[in-house]
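Here, each number is a calculation from the coordinates, and none is a lab measurement. Note that this is a predicted model, so its numbers are computed, not measured. Methodologically, a virtual Cβ is constructed for each residue, glycine included, from the backbone with ideal geometry; neighbour enumeration extends over all protein chains shown.
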Amino acid sequence: MPSLLETTRKNLRFLDRVALFEIGRVYRPVEGRPLPEEPRRLGIVMTGPREEPSWLEHQDHTLMGFFDLKGVVETLLRRLGVEAAFEPDGRDAFHPGRCAQLTVDGHGMGTMGELHPLVREAFRLPEQPICVSEIDLDGILGQCGPPREMRPVSVHPSIYEDLAVVVDEDVPAARVRDVMVRAGAPLLRSVGLFDMYRGPQVGSGRKSLAYRLTYQAEDRTLTDGEIAEVRQTIVRQLKAELGATLRA
C-alpha cells in the first residue's frame, strides 16, 4: 500500500484521475525463522473523477468512492470464478465505516476501503477520496474456478488511424461502430468514438462522427497496403448499410 500511495501522489501532479494496480511481495516476520514470509499481494488504488475526459457535454464529474473500488474487485473475482463476501472492517489506515474485509469461505483474503484522512495527509495526497485495496493474490488464485481459454496478446505493433464519417442525424454512433467492427474483422481490434460534430460543414440533418481505429495482427506487422484494404472495406460497408460518407 505505501508504494501505491507514493505512485498515486506522483501521478496526481499531472493527472486528475488515477486508477492503477500493482503486484508485489510483502515481508512478514516469522517467529523462530531468520527470514520472513514473502506472500504476493495485489494492490489497487482509485481516485479522482469517475469518468475519464470525453466529448460528452454532460459528463459525470462525481469522484470515485468505496463502491467504485468494490465494483472493480467484484468484477475481478467474478471473472476468476471466485465466490467471495465483503464484511465490515475497522483497520486504522481506513476511514471509519468505509472499509471492508474480503473473505472466501470465511478466510480473510484482503482489505479494501477509503483511506483515513490522517493517512491521506501523511502521504501528501489531495483532500478527496483515495480508495485502496490490498488482496492476498496467491490465496485468491488458489480459489479460482476451472481454467478459461484466453487468446494470447500479439507481440506485433498496433497501428492507429482516425476515421471521420458523415451520417444521418438519426443513425446511432453505436451502429456505425458495429458496422466498422464487422467489416474490419479480424485485423480491426478496437473502435472508439472521440468526436462528434454538427454544423454547416456537414449539412442539415447530418452529423460527423470521428473514430480512433486500432489494427493489429497476431502473426505479423501489418503493411500500409493491408491497412488501406481494410479501411476501404469499412468505408464501402458504411456507405452500403448506412449511407455514410467520409468527411472532407
> In segment 105-200, which helices (runs of 4 or more DSSP H) lie fully inside it and hold 3 or more residues that are aliphatic (A, V, I, L, M) and farther than 30 Å from D89 by Cβ?
Replying inline: 173-184
>> Please determine whether any residue of segment 75-84 is of a type in the set (G, A, S), farther than 19 Å from R17 by Cα and crowded, with 17+ Cβ neighbours inside 10 Å.
In response: yes
> Taking only pairs six or more apart or across chains, which ones have beta-carbon atoms under 9 Å, a first residue in segment 21-36 that is more than 24 Å from S133 (Cβ to Cβ) and free of Cβ contacts under 8 Å to residues at least 24 places away in the same chain, and a second residue that is among the acidic types (D, E) and outside any loop (DSSP other than H, G, I, E, B)?
Replying inline: V30/E37
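Listed here are the residues, each with its yes/no results for (1) under 27 Å from G145 (Cα atoms); (2) surrounded by 15 or more Cβ atoms within 10 Å (Cβ to Cβ).
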position: E31; (1), (2): no, no
position: E37; (1), (2): yes, no
position: I44; (1), (2): yes, yes
position: G48; (1), (2): no, yes
position: E52; (1), (2): no, no
position: M64; (1), (2): no, yes
position: D68; (1), (2): yes, yes
> Which of the residues belonging to segment 92-104 are in contact with a helix residue (DSSP H, G or I) (Cβ under 9 Å, 6 or more places away or on another chain) and either of a type in the set (A, V, I, L, M) or part of a strand (DSSP E or B) (or both)?
Replying inline: A93, F94, H95, R98, C99, A100, L102, V104
>> Suppose we filter V132, V165, V104, V119 for residues that are within 30 Å of K239 (Cα to Cα) and surrounded by 12 or more Cβ atoms within 10 Å (Cβ to Cβ); which single one remains?
In response: V165
> Within segment 181-223, can you find the residues that are among the hydroxyl-bearing types (S, T, Y) and either closer than 17 Å to E169 by Cβ or without any contact (Cβ under 8 Å) to a residue 40 or more places away in the chain (or both)?
Replying inline: S190, Y197, S204, S208, T223
>> When you check G192 against the structure, is it over 30 Å from E83 (Cβ atoms) and in contact with a Lys or Arg (Cβ under 6 Å, 6 or more places away or on another chain), yes or no?
In response: yes
>> Tally up the residues in segment 71-91 that are assigned to a loop (DSSP other than H, G, I, E, B) and more than 14 Å from E134 (Cα to Cα), please.
In response: 5
>> Of everything in segment 205-226, what is under 15 Å from D162 (Cα atoms) and exposed (fewer than 14 other Cβ atoms within 10 Å of the Cβ)? Give them in sequence order.
In response: D224
